[in-house]
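Everything on this sheet refers to the single structure shown next.
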């Protein structure tokens, strides 16, 4: 990754224009040609430096419901519970974390009332309590990762 | 604000008038924009509508906050940010907005949320994702947050992820 790649990663994390030739407009600001920017983006996406290039959608505003849930699962039972939890299509991400609360997952449902239902179903199937921690407020500024 | 009110408000503000074409545009762009000279024209061609219509709707979704931003989404692991700690804080409820905004504005915090406590086991009501190149760097940043909070920090901890058990994007069909 050279200085040009770094400039692209650092300066194009937002504000990509909505116009007829947006790459040309963004390229000009970076001192590049449209073709150069397109080729660089292709490489950055192919080598995994970027995961996507495009609009970032705000999940809740698409109409569904979202929550963060946590469980305290004994180590000996962790694999069984993981398998049960992951089987739910409503479970979008699931992370093991170092803590008594050692399983953390995001539930995403189209209908808001489905959140409580899924939580009940997971509790019944696993035998453990699910702690529901929905977002009450978001203090979002937006991370700019420095390359 | 109670959890119930927040959820009701969230429901009320959900899906601000997204119609079928908006949804088709979302589906067509959620993997990314085509890397061609006129990407919005390419999407329009694919959907059988005019480029003007696609651009107008994207602009509207940006203004409504349905689209947070348009641009590059870096893979933070590839950029060397290997350590990601979920820092959680017990702060006075009446100061949470002021404190959350200050923490959310720190350049190493990607997300900062107010979430309900689950007492007695879970006393933390403010969550801040802290990214660093290693745990030492994350811990130094967590110390900065603690200093910023001062007496409002009534207890905190950091939860590191040890394993991704499942990861699917949030997708609409």
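Read the figures in this text as sums done on the coordinates, not as results from a lab. What you are looking at is a predicted structure, and each value in this text was computed from that prediction instead of being measured. Cβ coordinates were reconstructed from backbone atoms using ideal geometry, including for glycine residues, and neighbour counts include every protein chain displayed.
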- Classify the protein assembly as shown: rounded, prolate or oblate, from the alpha-carbon gyration tensor (a ≥ b ≥ c, eigenvalue square roots; a/c under 1.5 rounded; otherwise prolate if a/b is larger than b/c)? prolate
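Using only the Cα atoms of region A:3-46, construct the convex hull and provide its projected area averaged over every direction, in square nanometres to one decimal. If you can, show how the numbers build up before the last one.
Working: hull surface 11.6 nm².
Taking the Cα atoms of region A:3-46, their convex hull projects to 2.9 nm² on average.
Only counting other Cβ atoms within 10 Å, I'd like A:72, B:141, B:167 sorted with the fewest neighbours first.
Working: A:72 15, B:141 22, B:167 10.
So the residues, fewest neighbours to most, are B:167, A:72, B:141.
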- From fewest to most C-beta neighbours within 10 Å, the residues B:99, A:66 line up as A:66, B:99
- Query: What is the Cα coordinate range of chain A on the first, second and third principal axes, sorted by size from largest, in whole angstrom?
  - Reply: 59, 32, 26
- What angle do you read, to the nearest 10 degrees and between 0 and 90, between the alpha-carbon axis of helix A:78-87 and the longest principal axis of chain A? 70
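Give me Rg/Rg_expected for region B:83-160, where Rg uses Cα atoms only and Rg_expected = 2.2 N^0.38 Å with N residues.
Values: Rg = 11.5 Å, N = 78, 2.2 N^0.38 = 11.5 Å.
Scaled against compact globular proteins, the figure is 1.00.
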- Message: I need the fraction of alpha carbon pairs in chain B separated by more than 22 Å, rounded to a whole percent.
- Response: 59
- Length-normalised contact order of region A:3-46, Cα under 8 Å, at least 6 apart, in percent, tallies to 30
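Across the residues of B:33-41, average count of Cβ atoms on other protein chains within 10 Å?
Values: counts 8, 2, 10, 3, 8, 6, 9, 6, 2.
Per-residue shielding by partner chains comes out at 6.
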- Computed, not fitted: 222 nm per-residue ellipticity of the protein assembly as shown from DSSP H runs ≥ 4 (each -39500 (n - 2.57)), nearest 500, equal to -11500 deg cm²/dmol
- Query: Helix B:20-29 versus the longest principal axis of chain B: what angle, 0 to 90°, nearest 10, using Cα atoms?
  - Reply: 70
- Say we join alpha carbon atoms closer than 10 Å with springs in a Gaussian network model of chain A; which of A:56, A:71, A:103 then has the biggest fluctuation? A:56
- Would you mind pulling out the separation of the Cα centroids of region B:46-61 and region A:89-117, in Å? 34
- Query: Averaged over A:93-104, how many beta carbons belonging to a partner chain fall within 10 Å of each residue's beta carbon?
  - Reply: 6
- Query: Can you pull the mean other chain C-beta count within 10 Å for peptide B:86-92?
  - Reply: 1
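Shape of region B:19-72 from its Cα gyration tensor (a ≥ b ≥ c, root eigenvalues): rounded if a/c is under 1.5, otherwise prolate when a/b > b/c, or oblate? Working shown, then result.
Details: a/c = 1.57, a/b = 1.16, b/c = 1.35.
Oblate.
May I have the convex hull volume per residue, in Å³, for the Cα set of region A:59-132?
Details: hull volume 5.7 nm³, N = 74.
Spread over its residues, the Cα hull of region A:59-132 gives 77 Å³ apiece.
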- Taking neighbour counts of Cβ atoms within 10 Å as a proxy for exposure, in what order, fewest first, do A:50, A:45 appear? A:45, A:50
- Task: Compute the acute angle (0 to 90°) between the alpha-carbon long axis of helix A:34-46 and the principal axis of greatest extent of the alpha-carbon atoms of chain A; round to the nearest 10°.
- Result: 30
- Task: Compute the separation of the alpha-carbon centres of region A:1-67 and region B:112-163 and state it in Å as a whole number.
- Result: 30
